[in-house]
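S.K.: First, the structure itself, so that you have it in front of you.
The values are calculated or read from the model by the stated rules, or taken from the named source; none is laboratory data. A quick note: this is a predicted structure, and the numbers were derived from the prediction, not measured. Backbone-built Cβ (ideal geometry, glycine too); neighbour counts: all protein chains shown.
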Amino acid sequence: MAAPVSKGDELELTIDSLAYGGNGVARLNGFVVFVRRGLPGDTVRATVTKVKRGFAEATADEVVVPGAPRVDAPCAHYPACGGCRFQDLAYEAQIAAKQDQVRDALVRIGRVADPPLEPILPAESQFHYRNKLEYSFTDTPRGAALGFHRAGRWDEVLEVERCWLTTDLGNAIREVVREWAQEEGLPAFDQETHTGYLRHLVVREGRNTGQALVQLVTAPGDLQGAERLVAALRAFPEVRSVHWAVNDSPAEVTNLPTNLLWGEEAIEEELLGLRYRVRPNAFLQTNTAMAERLYELAIDFAGLTGAETVYDLYCGIGSIGLSMASRALTVWGVEVSEESVACAIENAGLNGVSNAAFFAGEVGRSLDELAGRAGPPGVVVVDPPRAGLSGKALRALARLEAPTIVYVSCNPTTLAGNVKDLVAHWGYRLERVRPVDMFPHTPHVESVSLLTR
């Protein structure tokens with residue numbers, strides 16, 4: 001059947017729901033149209049931007065009849081800035097939509113007729129919750145400035161004066177770096193022409209320790225004014241660590257080897273009473289308060305008695321495994337990033353945890369060897385990347401025949417696909433699922449699931 005719409009068509013559509021990823025879902029005689037900036041309940045006038053065989057994509061140009069529970073967005077840069085999608089949607093409606101997305105994925109993709117879904121855990125703070133932000137430099141008539149990509153644009157950066165997702169400290173650090181860049185006359189890197197010098201600024205905060213780490217990313221070339229930059233940042237008592245990284249590739253990445261310009265190699269963060277060393281490239285959940293709630297849920301679902309061997313897969317810097325160690329017999333962590341594993345081992349020592357060991361390796365290839373060394377697990381905790389468990393990793397996990405799997409997910413669609421396989425082919429049963437809102441005003445939703453065999 002040919003699609004009933006063409007690119008460029010103007011349509012009047014009523015938005016039924018939010019799809020995972022944040023676009024509104026509308027139907028035209030049964031044909032699905034995903035509408036950017038469409039909120040559930042709204043009737044909008046929209047322009048079709050893309051047509052596929054089974055669906056189309058459109059952008060809302062005008063709200064004809066508002067139906068969504070709207071609020072005033074506090075940020076002056078909304079909605080032009082691509083950092084937030086839903087500042088004008090009431091928070092209760094945001095978390096209801098995220099709850100529905102997890103349920104929908106489990107029913108539609110996971111083939112779980114009646115998911116054992118518990119109420120979503122709302123965020124403790126709707127603003128100022130991020131402990132890490134990555135800014136891009138852009139050129140303005142006044143010189144280099146800092147901001148985020150415009151909504152839907154890879155090639156255009158919007159200067160920001162105050163971001164509502166970071167703290168006053170985070171905003172102040174960004175402004176000091178902007179002033180330094182303009183005083184030095186350093187040009188921003190241009191993503192289209194690949195000319196210029198300043199590329200990114202990364203600011204990380206230990207929200208429970210009051211420590212901050214600053215990383216500047218530039219194109220190749222000497223860092224002019226490095227001493228003045230360090231002096232400006234040392235004016236903040238919270239800043240303990242200043243790094244510089246060089247990116248000589250076209251890709252917009254900040255995960256790079258760094259040179260320490262001043263201070264400590266790492267800062268510390270505290271989660272559930274344990275201290276963690278945070279280096280520039282270490283992975284740490286970006287919402288500290290809700291990471292603690294997420295780990296508490298994982299501990300609760302694991303039901304530890306003190307007698308269990310726990311495997312912590314995709315363990316990162318060891319934060320989930322170490323928070324379980326006092327309640328388990330042993331914890332064994334696996335992670336592909338050697339830098340993260342080094343941090344995990346260091347964090348075990350920092351907290352005097354002697355019953356946890358961490359290894360670098362791909363999960364799919366490492367589990368048979370780990371089981372030979374550590375013995376069979378009583379509980380397996382998995383916290384995979386957005387793509388979920390690959391076929392090889394999923395089969396390796398299933399072969400362990402662990403009585404309990406605690407699955408921490410940042411993507412309900414890949415969670416649902418993995419649950420479907422574990423239930424249909426490997427004898428598991430989905431017992432509990434609890435969505436967690438770590439990132440208000442964005443489409444992202446985390447969840448913790450319990451599967452038993």
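S.K.: Which of (1) under 27 Å from the mean Cα position of the chain (by Cα); (2) without any contact (Cβ under 8 Å) to a residue 12 or more places away in the chain is the odd one out, the single condition V341 does not satisfy?
M.R.: Against the list (1) under 27 Å from the mean Cα position of the chain (by Cα); (2) without any contact (Cβ under 8 Å) to a residue 12 or more places away in the chain, V341 comes up short only on (2).
S.K.: Something else now. Looking only at segment 62-78, filter to residues that are within 25 Å of L146 (Cα to Cα) and of a type in the set (A, V, I, L, M, F, W, C); which one of those is surrounded by the most Cβ atoms within 10 Å (Cβ to Cβ)?
M.R.: Going through the qualifying residues, I end up with C75.
S.K.: Please identify the pairs in which a residue from segment 151-166 that is under 27 Å from T288 (Cβ atoms) has its Cβ atom under 8 Å from the Cβ atom of a residue that is assigned to a loop (DSSP other than H, G, I, E, B) and aliphatic (A, V, I, L, M), counting only partners at least 6 apart or on another chain.
M.R.: That search, which allows pairs on different chains as well, returns A151/A80; L158/A80; E161/A76; R162/A76.
S.K.: Return the residue satisfying two criteria in turn: it lies in segment 78-111 and is out of contact with any strand residue (DSSP E or B) (no Cβ under 6 Å at 6 or more places or on another chain), in contact (Cβ under 8 Å) with a residue 24 or more places away in the chain and in a loop (DSSP other than H, G, I, E, B), and of such residues it is farthest from T59 (Cα to Cα).
M.R.: Looking at the filtered set, the residue picked out is R111.
S.K.: Give the residues of segment 103-116 that are among the aliphatic types (A, V, I, L, M) and either surrounded by fewer than 19 Cβ atoms within 10 Å (Cβ to Cβ) or not assigned by TED's automatic domain parsing to the domain that holds P435 (or both), sorted by residue number.
M.R.: Answer for segment 103-116, where residues must be among the aliphatic types (A, V, I, L, M) and either surrounded by fewer than 19 Cβ atoms within 10 Å (Cβ to Cβ) or not assigned by TED's automatic domain parsing to the domain that holds P435 (or both): V107, I109, A113.
S.K.: So, one more: Scanning segment 406-453 for residues that are outside any loop (DSSP other than H, G, I, E, B) and among the aromatic types (F, W, Y), which turns out modelled with the lowest pLDDT?
M.R.: W426
S.K.: Quick check on my filter: what residues within segment 301-312 are part of a strand (DSSP E or B) and more than 19 Å from R365 (Cα to Cα)?
M.R.: If the condition is that a residue be part of a strand (DSSP E or B) and more than 19 Å from R365 (Cα to Cα), then T309 is the only one that fits.
S.K.: I need the full set of residues from segment 81-95 which are surrounded by 15 or more Cβ atoms within 10 Å (Cβ to Cβ) and small (G, A, S), in order please.
M.R.: Answer for segment 81-95, where residues must be surrounded by 15 or more Cβ atoms within 10 Å (Cβ to Cβ) and small (G, A, S): G82, G83, A93.
S.K.: Within segment 432-453, how many residues are within 20 Å of N23 (Cβ to Cβ), surrounded by 22 or more Cβ atoms within 10 Å (Cβ to Cβ) and β-branched (V, I, T)?
M.R.: Number satisfying all stated conditions: 1.
S.K.: Looking at this structure, is D42 more than 27 Å from the chain's Cα centre (by Cα), buried (at least 17 other Cβ atoms within 10 Å of the Cβ), at pLDDT 90 or above and not hydrophobic (A, V, I, L, M, F, W, C)? Before you say what the answer is, go through the steps one by one.
M.R.: Numbers: more than 27 Å from the chain's Cα centre (by Cα): yes; buried (at least 17 other Cβ atoms within 10 Å of the Cβ): yes; at pLDDT 90 or above: yes; not hydrophobic (A, V, I, L, M, F, W, C): yes.
So D42 passes the test.
S.K.: Among the residues of segment 8-39 satisfying the criterion of being of a type in the set (D, E, K, R) and within 32 Å of the chain's Cα centre (by Cα), which is surrounded by the most Cβ atoms within 10 Å (Cβ to Cβ)? Talk me through it step by step, then tell me what you get.
M.R.: Step one: of segment 8-39, the residues of a type in the set (D, E, K, R) are 9-10, 12, 16, 27, 36-37.
Those left that are additionally within 32 Å of the chain's Cα centre (by Cα): 16, 27, 36-37.
Working: D16: 14, R27: 13, R36: 17, R37: 22.
By that ranking, first place goes to R37.
S.K.: Need the failing condition index for A307 against (1) at pLDDT 95 or above; (2) surrounded by fewer than 22 Cβ atoms within 10 Å (Cβ to Cβ); (3) touching a helix residue (DSSP H, G or I) at 6+ places or on another chain (Cβ under 8 Å), just the number.
M.R.: With respect to (1) at pLDDT 95 or above; (2) surrounded by fewer than 22 Cβ atoms within 10 Å (Cβ to Cβ); (3) touching a helix residue (DSSP H, G or I) at 6+ places or on another chain (Cβ under 8 Å), A307 is out only on (3).
S.K.: Against the definition (hydrophobic (A, V, I, L, M, F, W, C), surrounded by fewer than 23 Cβ atoms within 10 Å (Cβ to Cβ) and more than 15 Å from C410 (Cα to Cα)), how does A302 come out, yes or no?
M.R.: Spelling it out, it is not the case that A302 is hydrophobic (A, V, I, L, M, F, W, C), surrounded by fewer than 23 Cβ atoms within 10 Å (Cβ to Cβ) and more than 15 Å from C410 (Cα to Cα).
S.K.: Is it the case that L322 is crowded, with 19+ Cβ neighbours inside 10 Å, aliphatic (A, V, I, L, M), farther than 20 Å from E269 by Cα and touching a residue at least 12 places away in the same chain (Cβ under 8 Å)?
M.R.: In short, no.
S.K.: Looking at V217, V202 in this structure, which one is touching a residue at least 60 places away in the same chain (Cβ under 8 Å) and either of a type outside the set (D, E) or under 22 Å from H444 (Cβ atoms) (or both)?
M.R.: V202
S.K.: Go through L284, L274 for me and flag whichever is touching a residue at least 12 places away in the same chain (Cβ under 8 Å) and touching a helix residue (DSSP H, G or I) at 6+ places or on another chain (Cβ under 6 Å).
M.R.: Only one candidate qualifies: L274.
S.K.: Return the total of residues in segment 35-86 being of a type in the set (S, T, Y), out of contact with any Pro (no Cβ under 9 Å at 6 or more places or on another chain) and under 21 Å from E12 (Cα atoms).
M.R.: Here the count works out to 3.
S.K.: Search segment 382-431 for residues being surrounded by fewer than 21 Cβ atoms within 10 Å (Cβ to Cβ) and acidic (D, E), and hand back the single one that is nearest to R453 (Cα to Cα).
M.R.: In this case the residue turns out to be E401.
S.K.: Condition check: part of a helix (DSSP H, G or I) and surrounded by fewer than 19 Cβ atoms within 10 Å (Cβ to Cβ). Does A2 satisfy that?
M.R.: no
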